[in-house]
Structures are given as structure tokens and as C-alpha cells.
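The values are calculated or read from the model by the stated rules, or taken from the named source; none is laboratory data. Just so it is clear, the structure is predicted and the values come from calculations on it, not from any experiment. Using ideal geometry, Cβ is built from the backbone for each residue, glycine included, and neighbour counts are taken over all protein chains shown. Quick note on the areas: whole protein, heavy atoms, side chains included, nothing else; ligands and nucleic acids left out. Shrake-Rupley method; radii C 1.70, N 1.55, O 1.52, S 1.80 Å.
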Amino acid sequence: MKNIAFYGGGNISQAVIEGLIFSGFDPKNIFFVDRNIKNQNKLKKLKVRSLKNNKKVKIDLFMLAVKPKDAIEAYQEIITNFKNPKVVSLVAGIKSKKYIYLDKEIEFLRAMPNTSSRFGLGITALYNSSFKKTNFLKAVALLKKVGIVIEVDKESKIDEFTGTIGSGPAYFFYLLKSYEKKLMSICNGDKKIAREIMVNLIKGVAASVENNGNLSNLIQAVKSKKGTTEAGLKSFQSNKLGISFEKGLNAAIKRSKEISNEF
């Protein structure tokens, strides 16, 4: 697929666009539609172009990436103004049937990437609603440029993915804020050193998981009896940190399902 257009240029679009460019995709073949001036300026810095200024360009794939409240209206614009468009929705919550109802001939699928796509480390879930096999494989190949792609067999799993993986980076950032606070004290307020420590810690954790996926074994490898790690872990357990975290995931999944009933 040569030319791609992002309908909506917010955070997730910017992340995917940056990841595509990082992978070698030519920014001249990426277009956008967005009314927000700040988003327009950020996208122009990436050397991608406004579709409104390039109306004669043939778009091979549309990425619908607006807020849920604007999704159906934006989708209607696409299917009205462009002939036989292929549309990938990055919008949380809204089910395929609400789009397909407007035009049963349109090729449509849902995708849920996360913001790590900008580094080529994204995770994208796909649910194929009505894409033809050849075009679906092309969409998969495109999204693999920004990370790994998982095809789900039920659309309901997109909601689970949204709350667990789509929002996932923010959960880790939230936990790291507490970690950063302690590091700042250790590093005498030097934010640069604190950040370097956090980055190395995260890279080390990632490497450990990659090489030995058994999380229980990895915990045991760090923990010693009556040691500092054990004391910290016991405190987490007594305060039910794991249960609290799981409740947060479930709340996000629940909200994704609610959105589909609101619009």
C-alpha cells in the first residue's frame, strides 16, 4: 500500500506515523486530515502532507484515528468523498457493525496499536471485519513495520486489548513516577541521572523477560530470604498491589466496552 491517510492526527496517529518513518516508509506517501493546529504543526514537522491540499492523490488505506464521539461522522466523510476506501479504525470502543451499517461494500477492519509504535516496539491487535484477504495481509505487513501484530478472532477481545495493551504504557509510566521520586532523592535531584538509571533498569528487565520468560523464576533470582527485596515484595502483597493493578485493567476494559454503547 503506497499512500496512507490518517483521519485524525493526535497521539496515536503521530506514534504510528513516526514508527512508519523510522522503519523507512517515505513520509511523502503519508497524508493527514486534522482540524487541530497543534497536531497539524507536529505532523508537518514529520514531513507528512495535508490531504486537503492533495485531493487528487489516490489513497490506498485510510486510518481512522479520531475521538469516539467524532468517529462515525469522520467515517461518513471518508466513504462519501472517496471511492471504495479501505478503512482501518484505530478508534476505541465503537464496534464494526456501526460502521459497516453505513455501507456494507466498504472494506473495514479494527486495529488497536499503542504509542510504543513510534519506536518500532508497538503492539497492535487486529480484528478483520470485512477486508479481503489480500488487502488484509497488506495492512498486516504495514503495521508490522511499527512492531508486532496480533490478530484476534473475536471483536470483544479488542476491548480487552485496548484496556490492557493499548493503555499499557501509561500504567508503567504511572508506576515509574513513584520510582523516579525515590531516585531523585538518591541522585540529589539530578533528573538526568535518575532517568538514565530508570532506562537501564527497564532495559535490563526487558532483556531478562526476553531471555527467561518465567516471571516467578526471575523474581526468585533477585529475592533472598529476609532480604530487602523480600521486604518490599511482602509489603506489595499485604497492600494487595497485584489485585489493585488488576482492578485498574478491568476498569479500562469496562470503559472500552461502555464507549461502544455511548456512540
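Structure notes:
- Residues in region 137-159 that are buried (at least 19 other Cβ atoms within 10 Å of the Cβ) and either assigned to a helix (DSSP H, G or I) or touching a Cys at 6+ places or on another chain (Cβ under 6 Å) (or both): Ala139, Leu142, Leu143, Val146, Ile158, Asp159.
- Residue satisfying all of: in region 113-125; hydrophobic (A, V, I, L, M, F, W, C) and in contact with a Phe, Trp or Tyr (Cβ under 8 Å, 6 or more places away or on another chain); least open to solvent (accessible area, probe 1.4 Å) among these: Ala125
- Test: residue in region 9-24 that is open to solvent by 50 Å² or more (accessible area, probe 1.4 Å), touching a residue at least 60 places away in the same chain (Cβ under 8 Å) and acidic (Asp, Glu): yes
- Contact map, region 190-213: residues that are closer than 20 Å to Tyr174 by Cβ and of a type outside the set (D, E, K, R) paired with residues that are outside any helix (DSSP H, G or I) and at pLDDT below 95, Cβ distance under 7 Å, separation 6+ or inter-chain. Pairs shown: Ala194/Cys187.
- Evaluation of Pro68 against the conditions (1) modelled with pLDDT under 95; (2) out of contact with any helix residue (DSSP H, G or I) (no Cβ under 8 Å at 6 or more places or on another chain) shows that the sole unmet condition is (2).
- Checking region 92-99 against the condition returns a match, with at least one residue being at negative phi, within 17 Å of the chain's Cα centre (by Cα) and surrounded by 17 or more Cβ atoms within 10 Å (Cβ to Cβ).
- The numbered conditions (1) of a type outside the set (Val, Ile, Thr); (2) over 18 Å from Ala65 (Cβ atoms); (3) touching a helix residue (DSSP H, G or I) at 6+ places or on another chain (Cβ under 8 Å); (4) open to solvent by less than 70 Å² (accessible area, probe 1.4 Å) are all true for Arg110 except (2).
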